[in-house]
Every structure is written in C-alpha cells, then in structure tokens.
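The values are calculated or read from the model by the stated rules, or taken from the named source; none is laboratory data. Here the structure is a predicted model, which is why all the values come from computation and not from measurement. Every residue, glycine among them, receives a Cβ derived from its backbone with ideal geometry; neighbour counts consider all protein chains shown.
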Amino acid sequence: MENQIVVPLSSLHRGQIYVVNEDNRLETRKVEIGFTLGGYAVLKEGVKPGERIVTSDLASAIDGMLLDPQDDKKTKKRMVIEATGKEPRQ
C-alpha cells in the first residue's frame with residue numbers, strides 16, 4: 001500500500017480535516033476515508049501528498065485563522081514504526 005495518506009483518527013472532525021496552507025492559515029477540508037485501522041485512517045480524497053495536516057486538537061477552529069505549526073516528530077515516528085515495523089531514517 002504505497003503513496004497512501006494516513007492520518008491519526010484524532011485528526012478527523014466529522015468527515016473533515018484541518019490543513020495548514022502555504023500562508024500558515026487554517027483550511028477545513030472534506031475528506032473521503034478509504035478505511036480505518038488501529039487508530040488511523042487512510043484517506044482516499046481531500047488531501048494531497050506534502051500538505052501539512054493539523055494533528056492536535058484546536059479549541060476553536062476557524063477557517064483562515066493564523067497558525068503557528070509545529071512539527072510533531074513523535075507522532076511521525078510512531079506512525080512510521082507502526083506502518084513498517086522499523087525506525088524511521090534520520
């Protein structure tokens with residue numbers, strides 16, 4: 001299963017996901033979920049490879065609000081290990 005976009009289920013909000021655009025502003029996107037497995041969802045549509053997804057909970061998410069995105073290395077590492085069984089390359 002290559003080139004699939006996989007996100008934590010906690011990133012989904014009633015069939016939508018939060019994306020950080022190129023101006024560091026919030027965009028809400030409708031997504032189509034292919035399937036879920038073990039706390040993760042494989043997305044069929046709605047997000048493109050390389051787009052930044054908000055994985056933390058936002059108290060009040062408003063389209064266009066300015067964000068200060070932080071790289072969640074811990075979540076990335078856990079997802080790579082669970083998907084491949086191997087530590088990610090540095």
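Can you name the residue in the stretch 36-49 that is among the small types (Gly, Ala, Ser) and either assigned to a strand (DSSP E or B) or at pLDDT 90 or above (or both) and is also farthest from ASN21 (Cα to Cα) among such residues? Spell out the reasoning first.
As a first pass, look at the stretch 36-49 and keep what is among the small types (Gly, Ala, Ser): 38-39, 41, 46.
Applying the additional criterion that residues be either assigned to a strand (DSSP E or B) or at pLDDT 90 or above (or both) yields 41, 46.
Details: ALA41: 21, GLY46: 13 Å.
The selected residue is ALA41.
In the stretch 50-60, which residues are acidic (Asp, Glu) and modelled with pLDDT of 90 or more? The answer is GLU51, and nothing else.
Taking the options ASN3, ASN24, name whichever one is of a type in the set (S, T, N, Q), on the phi > 0 side of the Ramachandran plot and modelled with pLDDT under 95.
Working: ASN24 fails: modelled with pLDDT under 95.
Result: ASN3 is the single residue among ASN3, ASN24 that is of a type in the set (S, T, N, Q), on the phi > 0 side of the Ramachandran plot and modelled with pLDDT under 95.
Counting only residues that are surrounded by 12 or more Cβ atoms within 10 Å (Cβ to Cβ), among the hydrophobic types (A, V, I, L, M, F, W, C) and out of contact with any strand residue (DSSP E or B) (no Cβ under 6 Å at 6 or more places or on another chain), the stretch 62-90 holds 4 of them.
Counting only residues that are touching a residue at least 40 places away in the same chain (Cβ under 8 Å) and basic (Lys, Arg), the stretch 7-47 holds 1 of them.
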